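What follows is calculated from the coordinates using simple rules that are stated; it is not laboratory data. Keep in mind that this is a model prediction, so the values were computed, not measured. All Cβ positions, glycine included, derive from the backbone under ideal geometry; neighbour counts span all protein chains shown.
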Amino acid sequence: MGKIICKKHGYACIVEPCQHVANEIDDKKYGKFYHIFTLLLCKNCLQKYNLENFSDKLLSYDGDIWNNDELLDYFFDAYDKIEERTVRCTECVAVAKVEQARINGEQAPFPTYNKTLNSHSNIINKFMSQLKIKFQFQKSIVVDNHFAVFVKPGAYTYPMTVTIYYIVNEEEQTHIIKFIDEYFQSILLNQVKIEFFEAEVWNTWSNC
Ligand SMILES: [Zn+2]
Ligand SMILES: [Zn+2]
């Protein structure tokens, strides 16, 4: 639904908390908040804008909601009225969830990646050009003038991911993995995930 460049996390997806929730997030706290699409509201704002009945329904991304113009109109009317609405990055929210779990003496709710490349585009670009020099990749059928090898910078909740298509030979895959492992040995931010797929799919490369 949109991306921002967060000062702490680089490129990240957006979330739209009310100012009250945003203050908590900034303090790395996570209370009883209500997630509706990109909105993240405190109970007071949920009630103030009469969205109590929507949080559960919309959370499920239920097909019925998308076909119900009346409900959607109601939601977007309320959305436009929310004066306290502001913007944070989903990774900042993730940090608050993990810190809150730590304070509560609970396990982190998901794995986190403190040592992965994000907006270090120089390092990522250099790595990708080395990879393309070293190995032969097929041309992408989805992206014009692009080899079928893609990199997605990492973030707090996921590692940098290298996605390679059409290379199905195990020996060749092993060579690539070894090369990447060795390449990242001297790099401090070295959490990398490597994926191989038989064929490309027409996705949008956005997980927001
Ligand atoms: Zn609020
Ligand atoms: Zn952030």
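Taking every DSSP bridge with both residues inside the chain, close to 65 percent are antiparallel. Across the chain, Cα pairs under 8 Å and at least six residues apart give a relative contact order of 20 percent. Within the shell of other residues whose beta carbon sits under 9 angstrom from the beta carbon of Phe147, the net charge comes to +2, with Lys and Arg scored +1 and Asp and Glu -1. Subtracting the Cα-Cα distance of Lys134 and Glu84 from their residue separation scaled by 0.36 nm leaves 12.8 nm. Cut-off 14 Å, label point 7 angstrom out along Cα-to-Cβ of Ala101: give me the residues of segment 144-175 whose amide nitrogen falls inside. Flagged as within label range: 156-158. Farthest toward the positive end of the dipole of the chain, out of Trp66, Ala96, Ile141, is the Cα of Ala96, where the dipole comes from beta carbon charges about the Cα centre.
All C-alpha pair distances within the chain, sorted into 10 Å bins from zero, spread as 7, 27, 28, 21, 14, 3, 0 percent across the bins. For the residue pairs Lys8/Lys32; Lys97/Lys178; Lys28/Lys126; Lys7/Lys126; Lys28/Lys178; Lys43/Lys97, the C-alpha atoms sit more than 26 angstrom apart in Lys97/Lys178; Lys28/Lys126; Lys28/Lys178. With R₀ set to 41 Å, the beta-carbon distance separating Glu170 from Lys3 gives a calculated FRET efficiency near 0.70.
A cut-off under 15 angstrom between Cβ atoms defines the neighbours of Asp80, and their net charge, with Lys, Arg +1 and Asp, Glu -1, is -2. A simple spin-label model places pseudo-atoms 7 Å from Cα toward Cβ; at Phe76 and Phe110 they are separated by 2.7 nm. Over every Cα atom in segment 3-103, the radius of gyration and the widest Cα-Cα span, Dmax, amount to 14.0, 42 Å.
Against the longest principal axis of the chain, how steep is helix 170-185, in degrees 0 to 90 to the nearest 10, with axes from Cα atoms? That helix lies at roughly 70 degrees to the long axis.
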